[in-house]
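This report concerns only the one structure given below.
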Amino acid sequence: MAKIRAQINSARCKGCELCVSVCKQKCLVMAKNLTSKGVRPVEFVEINGECRGCMNCVLMCPDLAIEILEDENG
């Protein structure tokens, strides 16, 4: 079975945390480091839950910074 994950474009992310609030699996967290623009982007973490590919984060992101991918090797 393919493993699903969220890929974050940190250059587009403005750190609004809207995606974090809608992730029921708790797969998204705010990064500890800031980008060159001084923004704390979101990060995908597998330790908090298994991404189900529900697309809530993608639909909520106002900057189109999130993409859901399937890893055929995972």
Of the listed values (1) 11.8, 38; (2) 12.0, 36; (3) 11.5, 34, grab the one calculated as Rg and Dmax of the Cα atoms in Å from the structure here. (1)
Run down the lysines and flag those whose C-alpha is under 27 Å from the C-alpha of residue 24, throwing out any fewer than 8 positions away in its chain. 3, 14, 32
Give the accessible surface of the chain per residue, rounded to a whole number of Å², with probe radius 1.4 Å and ligands, DNA and RNA excluded. 70 Å²
For the chain, with only Lys/Arg (+1) and Asp/Glu (-1) charged at the beta-carbon, what is the dipole magnitude about the Cα centre, in debye rounded to 20? 320 debye
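Work through the residues other than residue 61 whose Cβ is under 11 Å from its Cβ and net out their charges, Lys, Arg +1 and Asp, Glu -1.
On the way: positive: 12, 14; negative: 17, 63, 67.
Counting the neighbours of residue 61, the net charge comes to -1.
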Percent of accessible area on the chain owned by carbon and sulfur, 1.4 Å probe? 49 percent
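The values are calculated or read from the model by the stated rules, or taken from the named source; none is laboratory data. These numbers come from a predicted model, not from an experiment. Don't worry about glycine lacking a Cβ; one is built from the backbone with ideal geometry, like all the others, and counts go over all protein chains shown. Note: areas computed on protein heavy atoms with side chains; ligands, DNA, RNA excluded. Shrake-Rupley method; radii C 1.70, N 1.55, O 1.52, S 1.80 Å.
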